[in-house]
Structures are given as structure tokens and as C-alpha cells.
Amino acid sequence: KIKRMFLFRVPYLIQFLFGQRQWKGDDLSCVYLTFDDGPDPRSTEWLLDLLSKEKVPSTFFCLGSQIVRYPELYDDIIKKGHAVGNHTYQHEKGNKTSTKNYISSVQKTDALVHSNLFRPPYGRLTKNQMISLKKMDKKIVMWSWNSQDYNKNVSSESILKNAKLIKGGDILLFHNNSKSARTIKQCLPEVIRIIKEKNLKFKTLS
């Protein structure tokens, strides 16, 4: 049986080829913790409690459909001082969605999320979608370190081992959905500890 390799760190070549997207933060003394797909009743409250306790500001890329479903949880994210970004309305995959429908999904979410930050689900965007988003003054935010918290084939041990490779300026990708709830509850407190031990601070994206 071949052991599959899962990429935690995004190769520089990919970051270079897709240079109009933001892969890292500007401040090398900080890391940027981000959470996609929320708000979600299985993990958002737990997450906000942990982040408050650890004094860690984060950036939440939210889905319009989830905000409509759980408005109080979304308000809590804002109240606790975290940054928010648009993650489309229904988690549309760029390369499987027409530009017209994709942009309409982003606009529908813009009515709920007041932010110029945008993260494409799955990191997928077509060239035309990219052009339209830029015209809307969106800052397209990717990530340089992927926790793989949604991946059933990746163990918590593996995530923690790879967390030791986190560097200043990294944008860290985690998920705030029911699929990864169990994994982040196991890993995130320890990942935060590893980062603090490196004397790195936490910052929101802007």
C-alpha cells in the first residue's frame, strides 16, 4: 500500500504562478490564523472560547448560507473582535460554476459580510472570475500552511508534527465546519502553543 503524502505547505512555485493572490501575511513576526466555512454550531462557540482564552485574533471566511442559518454565531465572531471575509454563498467550486453565478454568489454574501477579503472555496478560480473579483476590489486570500483538518486520512499527530514547520508570515488554513470539528478540538490548542513557543504573535488579515 502506497502511503500518500499530504501537502501541508503550499509549494513556492504555485505561490509564484498565482501571484495575484495573497499567500502570506506582511508581518514576519506574526502568523495569520484563518477558519473557513463557518459559522457552525459544532465548532464556532468552542473556537471563540479558545481564541478568547488564548488571546488569539483570527480571520473567519464565512459562507453566506451559514450566516443566514446561524446569525447569532456570526455576530459573536464580530463581537469578539475577529476579522471576517467572504467565502461565497454555498461553497461554490470556481471551475465548476459559471462566472455569472459565481460572482452573484459572492455579491449575495457581500450583503452579509462587509469585507474586501475573499477566499475561493477549494482555492479554485477561473481567470474570468479572478478578473471580476479584482474589479470588485476583492483581496484574494489563499494560505501557505494547510492544516488538512478536513482530511480523514491525516492524523492529529501528523498535523502537530507539521505545525512545528510553521514560520512567521504564514497564513494558516483551518476549517470551522462539522467535518473538521473533532480534529480542530484535538489539535488547535496544541498548534497555538507550538506557535507561541516560537515567539510568533497572531494577527488578523486586513
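The values are calculated or read from the model by the stated rules, or taken from the named source; none is laboratory data. These numbers were taken from a predicted model, which means no experiment stands behind them. Cβ sites come from the backbone with ideal geometry, for glycine too, and all protein chains shown count toward neighbours. Calculation scope for accessible area: heavy atoms of the full protein, side chains included, ligands and nucleic acids excluded. Shrake-Rupley method; radii C 1.70, N 1.55, O 1.52, S 1.80 Å.
When you look at LYS24, is it basic (Lys, Arg), closer than 26 Å to CYS187 by Cβ, at pLDDT 95 or above and surrounded by fewer than 21 Cβ atoms within 10 Å (Cβ to Cβ), yes or no?
Yes, satisfied.
How many of the residues making up the range 112-142 are of a type outside the set (Val, Ile, Thr), in contact with a helix residue (DSSP H, G or I) (Cβ under 8 Å, 6 or more places away or on another chain) and within 16 Å of ILE171 (Cα to Cα)?
Step one: of the range 112-142, the residues of a type outside the set (Val, Ile, Thr) are 112, 114-125, 127-130, 132-139, 142.
If we keep only those that are in contact with a helix residue (DSSP H, G or I) (Cβ under 8 Å, 6 or more places away or on another chain) too, we end up with 112, 118, 120-122, 124-125, 128-129, 132-133, 136, 138, 142.
Now drop any that are not within 16 Å of ILE171 (Cα to Cα), which leaves 118, 120-122, 142.
Residues meeting the conditions: 5.
Might you check whether a residue that is more than 12 Å from the chain's Cα centre (by Cα) and among the hydrophobic types (A, V, I, L, M, F, W, C) occurs anywhere in the range 142-152?
no
Could you tell me whether LYS139 is buried (at least 16 other Cβ atoms within 10 Å of the Cβ) and either under 15 Å from the mean Cα position of the chain (by Cα) or not acidic (Asp, Glu) (or both)? Don't jump to the end; show me each part of the working.
Working: buried (at least 16 other Cβ atoms within 10 Å of the Cβ): yes; either under 15 Å from the mean Cα position of the chain (by Cα) or not acidic (Asp, Glu) (or both): yes.
So LYS139 fits the description; yes.
Assuming ILE14 fulfils every condition listed in (1) in a helix (DSSP H, G or I); (2) modelled with pLDDT of 95 or more apart from one, which condition is it?
(2)
Could we say that SER144 is touching an Asp or Glu at 6+ places or on another chain (Cβ under 7 Å), surrounded by 17 or more Cβ atoms within 10 Å (Cβ to Cβ) and within 23 Å of CYS30 (Cα to Cα) here?
When the stated conditions are applied, SER144 passes them.
Taking the condition of being closer than 11 Å to LEU112 by Cα and either open to solvent by less than 10 Å² (accessible area, probe 1.4 Å) or touching a helix residue (DSSP H, G or I) at 6+ places or on another chain (Cβ under 8 Å) (or both), how many residues in the range 67-84 meet it?
Selection size over the range 67-84: 3.
Scan the range 142-159 for residues that are in contact (Cβ under 8 Å) with a residue 40 or more places away in the chain and not β-branched (Val, Ile, Thr) and jot them down.
Selection gives MET142, TRP143, SER144, TRP145, ASN146, SER147, GLN148, ASN151, ASN153, SER158.
In the range 160-195, how many residues are part of a helix (DSSP H, G or I) and touching a residue at least 40 places away in the same chain (Cβ under 8 Å)? Talk me through it step by step, then tell me what you get.
So in the range 160-195, the residues part of a helix (DSSP H, G or I) come out as 160-163, 181-195.
Filter again for touching a residue at least 40 places away in the same chain (Cβ under 8 Å), leaving 162, 181, 184-185, 187-189, 191-192, 195.
Total satisfying the criteria: 10.
Could you list, in sequence order, all residues of the range 27-40 that are in a loop (DSSP other than H, G, I, E, B) and either free of Cβ contacts under 8 Å to residues at least 40 places away in the same chain or surrounded by 20 or more Cβ atoms within 10 Å (Cβ to Cβ) (or both)?
The answer is ASP37, GLY38, PRO39, ASP40.
Could you check the range 19-51 and list, in sequence order, the residues that are touching an Asp or Glu at 6+ places or on another chain (Cβ under 8 Å) and among the hydroxyl-bearing types (Ser, Thr, Tyr)?
TYR32, THR44
Working only within the range 85-118, note down all residues that are within 18 Å of LEU205 (Cβ to Cβ), of a type in the set (A, V, I, L, M, F, W, C) and either open to solvent by 50 Å² or more (accessible area, probe 1.4 Å) or in contact with a His (Cβ under 8 Å, 6 or more places away or on another chain) (or both).
Across the range 85-118, the qualifying residue is only PHE118.
How about the range 156-182: which of its residues are more than 15 Å from the chain's Cα centre (by Cα), under 20 Å from SER52 (Cα atoms) and open to solvent by less than 30 Å² (accessible area, probe 1.4 Å)?
none
Within the range 44-64, take every residue that is among the small types (Gly, Ala, Ser) and buried (at least 17 other Cβ atoms within 10 Å of the Cβ) and give me the one that is nearest to PRO120 (Cα to Cα).
GLY64
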